[in-house]
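Working notes for the structure below.
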Amino acid sequence: IVTQWQTPRSTSSSGSGRSLAMRRRFQETQDDHDRAEHNASRMESLAQTQLRGLEGDLFMRTEELNQRNEQVRHRDQELLNVSSQLTDLQGLFCEVNQQLQVQSDRIDNLQGAVGQCAKQSEELEQLTDMLQE
């Protein structure tokens, strides 16, 4: 936008010199303003480009995070299943240990009975030998 200054005509050279200086100053200010608007527009365009890039990165990271969350949920479910199976196995091991203890007690009793039988058999042999003599 170019604006012309309309000043009353002055016959003095100082008035026209001041007017010329004001026009130059106005033009410099206008040029500075135009450069600032151009730079602001460029910066806004750059910021929008960066924003789009960051939004793309955010989308990709969100997708990766969602995939990892799904993997974690899947592994949690697997761990829950394994934990349940281990609990079932623990119950079975307790039953087996009880049965082993019962069988071990029976074996101890049988060993005692076999020992008693062996002792009685020995005594019987001694008695038989005594009778034969």
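Do we find that S10 is part of a helix (DSSP H, G or I) and either at pLDDT below 95 or of a type outside the set (A, V, I, L, M, F, W, C) (or both) in this structure? Give the derivation first.
Numbers: part of a helix (DSSP H, G or I): no; either at pLDDT below 95 or of a type outside the set (A, V, I, L, M, F, W, C) (or both): yes.
Answer is no for this residue.
Hey, any hits in region 88-103 for a residue that's among the charged types (D, E, K, R), in a helix (DSSP H, G or I) and over 21 Å from the mean Cα position of the chain (by Cα)? Quick ask: steps written out before the conclusion?
Step one: of region 88-103, the residues among the charged types (D, E, K, R) are 88, 95.
From the residues that got through so far, the ones that are in a helix (DSSP H, G or I) too are 88, 95.
Still in the list and also over 21 Å from the mean Cα position of the chain (by Cα): 88, 95.
Taking every residue of region 88-103 in turn, at least one turns out to be among the charged types (D, E, K, R), in a helix (DSSP H, G or I) and over 21 Å from the mean Cα position of the chain (by Cα).
The values are calculated or read from the model by the stated rules, or taken from the named source; none is laboratory data. If you're wondering where the values come from, they're calculated on a predicted model, not measured in any experiment.
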